[in-house]
Amino acid sequence: MSFIDTLPKAELHVHLEGTLEPDEMFRLAARNGLVLPWESTEALRAEYSFTGLEHFLRLYFEGCKVLCRREDFYDLTAAYLRRAASQGVRRAEMFFGPQSFLERGIPAAEQLGGITDAIADASTDLGIDGALIITAQRHRTEAAALELLEAVRSFQDSILGVGLGSAEAGNPPSKFTRYFAAARAQGYRLTCHAGEEGPPAYIREALDLCHVERIDHGYTAAQDPDLVSRLADEAIPLTMCPLSNLRLQVTDDLTTYPIVDFMKAGVVVTVNSDDPPYFGGYLNENYTALEQQLGLGAEKLTTLARNSFLASFADQGQIDQALSAVAEHAAAAR
Ligand SMILES: Nc1ncnc2[nH]cnc12
Ligand SMILES: [Zn+2]
């Protein structure tokens, strides 16, 4: 086991629908009497070569079609949490976008009931602390996002936060100010995908107009040094996803990935997996890619793990406990 394998970590940017492994996609399709447009898992994997975010999203939404019943959502969540726990993940704040399923007539209770049961069982069986962040899809209207908040209202006690995902270009955060205001009024923690393919101005909008507490990706902040200083000064964390950015051609090469520059500037940057099977790795593969491509040593890897807990929406007591575990792990490795 390597230093990274056993380093205690939090994962703050993973889409549950994006954790569907190809063999599981085929198993769930068969269970639900559906025929997939691919002959085999190999044929499906051959599609995992993306020109950009929208290309990827077409395949991602196609995969969502095999999720139909409560047990499908349970199995999906349970499998991710098992995998995460085996990689030293102590806390996972997971995104889930109900709109794809609501539009197919699958009740919120089936979706969220399966997910929350799996979170509860994984907490008991594996000791991993899971939490749910509902995301609206920004290619849809703000009215649809507001309807989503209503559709999940009776599950509010099981939902930690609210975010915004899907196709970024042309769908700025300013389109969703009322959605974020309503979510904030209902007591949710707020986060927003921004600066993945969109410009730094989208990150500023997410902060100034939507008042979010975290930025998901934030890659393009590197183009705007004043914004980087602001993220540091205001302690706004970034949940970055290196292998995702590589596979979606956001970045050509991880040897120039801006995460070290962000760390030096004092930004609370974190490493995450986004949609692991689609992008070639779970959390530890993302840490390992940075270790290899940027030459990160134990000190910087430890800072990234510390940041993951500092940036989480966990209670302060839980954060303090996790930070002690990270410090012990680092000390034992010296
Ligand atoms: N990388 C990503 N960006 C935006 N929305 C997503 N949904 C799943 N993965 C996503
Ligand atoms: Zn994402």
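For the chain, a crude dipole built from +1 on the beta carbon of Lys and Arg and -1 on the beta carbon of Asp and Glu, taken about the Cα centre, is about 320 debye to the nearest 20. Go ahead and run the numbers for FRET between Ser324 and Leu126, Cβ-Cβ distance against an R0 of 25 Å, rounding to 0.05. E between Ser324 and Leu126, to the nearest 0.05, is 0.80. Partner lysines whose Cα lies under 30 Å from the Cα of Lys9, excluding those fewer than 8 positions away in the same chain, are identified as Lys264, Lys300.
Taking all protein chains together and rolling a 1.4 Å probe, His139 ends up with roughly 90 Å² accessible. Among the helices of the chain, those built from whole DSSP H runs whose Cα atoms reach 15 Å or more along their own axis and whose mean Kyte-Doolittle hydropathy is at least -1.0 are 53-64, 70-86, 108-126, 283-294, 298-310, 316-333. Here is how the number arises for the chain: DSSP H runs of 4 or more residues each give -39500 (n - 2.57), the sum is divided by the residue count, and the result at 222 nm is -14500 deg cm²/dmol. Rolling a 1.4 Å probe over the heavy atoms of the protein chains gives the chain an accessible area of 39 Å² per residue. Computed on the Cα atoms alone, the convex hull of the range 170-237 gives a volume of 71 cubic angstrom per residue.
With no solvent and one point per C-alpha, what does the Debye sum give as log10 I(q)/I(0) for the chain at q = 0.07 Å⁻¹? Cα-only, vacuum Debye calculation for the chain: -0.25. Note on the range 3-17 and the range 153-216: Cα centroid distance 22 Å, given to the nearest whole angstrom. Taking every protein chain into account, the 1.4 Å probe leaves His217 with about 0 Å² of accessible area, to the nearest ten.
Modelled label positions at Asp117 and Asp23, each set 7 Å beyond Cα in the direction of Cβ, lie 2.4 nm from each other.
Shown here is the pair-distance distribution of the range 203-334: with all Cα-Cα distances grouped in 5 Å bins from zero up to the longest one, the shares run 2, 10, 19, 23, 21, 15, 8, 2, 0 percent. Here the accessible area is traced with a 1.4 Å probe on the protein chains. For the range 3-333, carbon and sulfur cover 47 percent of it. Each listed q (0.12, 0.21 Å⁻¹) maps to a log10 I(q)/I(0) for the range 18-120, found by the Debye formula over equal Cα scatterers with no solvent: -0.42, -1.23. Across the chain, the mean sequence separation of Cα contacts (distance under 8 Å, 6 or more residues apart), normalised by length, yields a relative contact order of 20 percent.
The values are calculated or read from the model by the stated rules, or taken from the named source; none is laboratory data. Quick caveat: nothing in here was measured; it's all calculated off a predicted structure. Cβ coordinates were reconstructed from backbone atoms using ideal geometry, including for glycine residues, and neighbour counts include every protein chain displayed. Side chains included, ligands, DNA and RNA excluded: accessible areas come from the protein's heavy atoms. Shrake-Rupley method; radii C 1.70, N 1.55, O 1.52, S 1.80 Å.
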